[in-house]
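Colleague: Dumping the structure here so I can ask a few things about it.
Nothing in this text is a laboratory measurement; each read-out follows from the coordinates by a stated rule. Here the structure is a predicted model, which is why all the values come from computation and not from measurement. Heads up, the Cβs are rebuilt from the backbone with ideal geometry, glycines too, and the neighbour counts pull from every protein chain shown.
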Amino acid sequence: MKSVEEQLFAIEDGVEEIIPVEELKDKLERSVKKGVPLKIKYGVDPTAPDLHLGHAVTLRKLRQIQDLGHIVQLLIGDFTARIGDPTERSTTRPQLPPEVIEANAKTYTDQAFKILDPAKTIIEYNSRWFSRMHFEMLLKITAQFTVARMLERDDFAKRFAAQVPIGLHEFLYPVMQGYDSVELRCDIEIGGTDQKFNMLSGRDLQRWAGQEPQVVITMPILEGTDGVVRMSKSKGNYVGLTEPPEEQFGKIMSIPDFIMVRYFRLCTNLPHDEIDRIEKGLEEGTLHPGEVKRRLAKEIITIYHSRKAAEEAERIFDAKFKKVEGLTVAERLSAVGAEIPEVEITPEMLTNAERIWIVKLIIAAEFAKTNSEARRLIEGGAVKYLEHIDGEYREREIADSGEEIVPKTGDILQVGKRRLARLKVYEPS
């Protein structure tokens, strides 16, 4: 193992906060002295099938800690996913069916191992203890928390003040996440800054259980491809770790220029001094943003695929999209028309007025899986409808999730920058 000073320097690099850093030093000193690796917990709830670059920010730090000689406990929250993390939620999450959670969970390990070292990773599922927990034990655990403390959370406090319902089961989420740390007897828990409350709950429950409390490390939250809100599949602003290289390239090329340096720092392997030079070049105008963004896309694709795949993705991007810059909507769609999948509108999808609810249309196009997910896309300004009239397209943003439209064959539904679906209205023969 490296020295405590070397390990601490590496662990501190790029993190937001270590709580408390003195305890981390103590744990590292014991680890080096005894030659026993520390156990670092990272939990993910399988509420969607894909991991994305936002998850990778923490996964990359975990790999760095593994390279220092420590063990990662990758906790798949297949039981906590039945509640859904209420963090930053303004409403109660819809509960997912067990079969959806199970299917999502199966995809997570393969995706995580694109970054983590399998030889230094222990996979755990919290259904192992929660599915057999007696109610008496649950009462003992929940007795360690007060309602007043739960309402210290900003998301709960806002909902309570606005008289927006808070499900009793939502209060259990941070309790359950904290108890995971007791079962795993972890030394460190790492997660996004939004998880600080939940991770600190783990420290409290470990003390209650007579264990040494875990050190909490918080990581930055990566903004999505819109450059504004956190990366999330439900918002349609994500770059999936297992997406095809050409899809990753196009999405990264769509990010705003102002967020590029942050992506370099959080998503690539470039050294700090190299990123500093890129940042300075952009500020002074000696580097062209478009070329810098191309480099960013290739650096990221190389990590999850290969350098050859990154170069091929750039070639495909140029062939498809560079040539359509400055064209009208109709000309742009014509240029990539063969690539646009069709979604068939059947009679049972329509109302008596021959209209279709925009939420139902988004789900039919497979741009969302649930009504709430589709609504979030609309609320985030990600949905546009391109009406085909007399050979031209009239583009408008969908701002009302209750809107019903009259679909016509040839109309286009657009979600985000590059997800398109061409409508085909069923006509009986």
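Colleague: Angle between the Cα long axis of helix 272-284 and the longest principal axis of the chain, 0 to 90 degrees, nearest 10?
Modeller: 40
Colleague: While we're looking at this one, here's another question. For the chain, give me the percentage of DSSP beta bridges that are antiparallel, rounded to the nearest 5 percent.
Modeller: That works out to approximately 50 percent antiparallel.
Colleague: Amide H to amide H, which residues 5 or more places from Leu287 or on other chains are under 5 Å from it, using H placed in the peptide plane?
Modeller: Leu282
Colleague: Also, quick follow-up: What are the ³J(HN,Hα) couplings of region 241-255, residue after residue, when phi is run through the Karplus curve with 6.51, -1.76, 1.60 and θ = phi - 60°? Round to Hz, x for glycine and proline.
Modeller: So the J values, rounded to whole Hz, are 5, 9, 5, x, x, 5, 5, 4, 4, x, 5, 5, 5, 8, 6.
Colleague: Helix 53-67 versus the longest principal axis of the chain: what is the Cα-based angle in degrees, 0 to 90, to the nearest 10?
Modeller: Helix 53-67 sits roughly 30 degrees off the main axis of the chain.
Colleague: Amide H of Phe79: which non-local residues (sequence gap of 5 or more, or other chain) have their own amide H closer than 5 Å, using H built in the peptide plane?
Modeller: For Phe79, whose amide H was placed from the backbone, the distant partners under 5 Å are Asn126, Ser127.
Colleague: Suppose only helical runs count, i.e. DSSP H with n ≥ 4. What mean residue ellipticity at 222 nm does that imply for the chain under -39500 (n - 2.57) per run, divided by all residues and rounded to the nearest 500 deg cm²/dmol?
Modeller: -13000 deg cm²/dmol
Colleague: Just the number, please: Stokes-Einstein D of region 331-425 in µm²/s, Kirkwood Rh from C-alpha pairs, 20 °C, 1.002 mPa s.
Modeller: It comes out at roughly 161 µm²/s.
Colleague: How much length is gained if the chain between Glu311 and Ile340 is pulled fully straight, taking 0.36 nm per residue apart and subtracting their Cα-Cα distance, in nm to one decimal?
Modeller: Value of the extension gain: 8.1 nm.
Colleague: Also: Within 10 Å, count the other beta carbons around each residue, average over each peptide in 207-215, 292-300, and list them highest first.
Modeller: Values: 207-215: 17.3, 292-300: 20.3.
Going by the mean number of other Cβ atoms within 10 Å, highest first, we get 292-300, 207-215.
Colleague: Let me ask something additional. To the nearest 10 degrees, how steep is helix 168-184 against the longest Cα principal axis of the chain, on a 0 to 90 scale?
Modeller: 50
Colleague: Moving to a separate point now. Using the Karplus curve 6.51 cos²θ - 1.76 cosθ + 1.60 with θ = phi - 60°, what ³J(HN,Hα) values do you get for each residue of region 217-228, in whole Hz, with x for Gly and Pro?
Modeller: 10, 9, 10, x, 8, 7, 6, x, 5, 7, x, 10
Colleague: Here is a further query. Counting only Cα, what are the radius of gyration and maximum Cα-Cα distance Dmax of region 245-320, in Å?
Modeller: So, for region 245-320, Rg and Dmax equal 11.9, 34 Å respectively.
Colleague: Excluding same-chain residues fewer than 8 positions from Lys369, which aspartates and glutamates have a Cα within less than 15 Å of its Cα?
Modeller: Correct list for Lys369: Asp50, Glu99.
Colleague: While we're looking at this one, here's another question. Would you mind checking which residues have amide H under 5 Å from Tyr393's amide H? H placed 1.01 Å from N; only 5 or more apart, or other chain.
Modeller: Correct list: Ala330.
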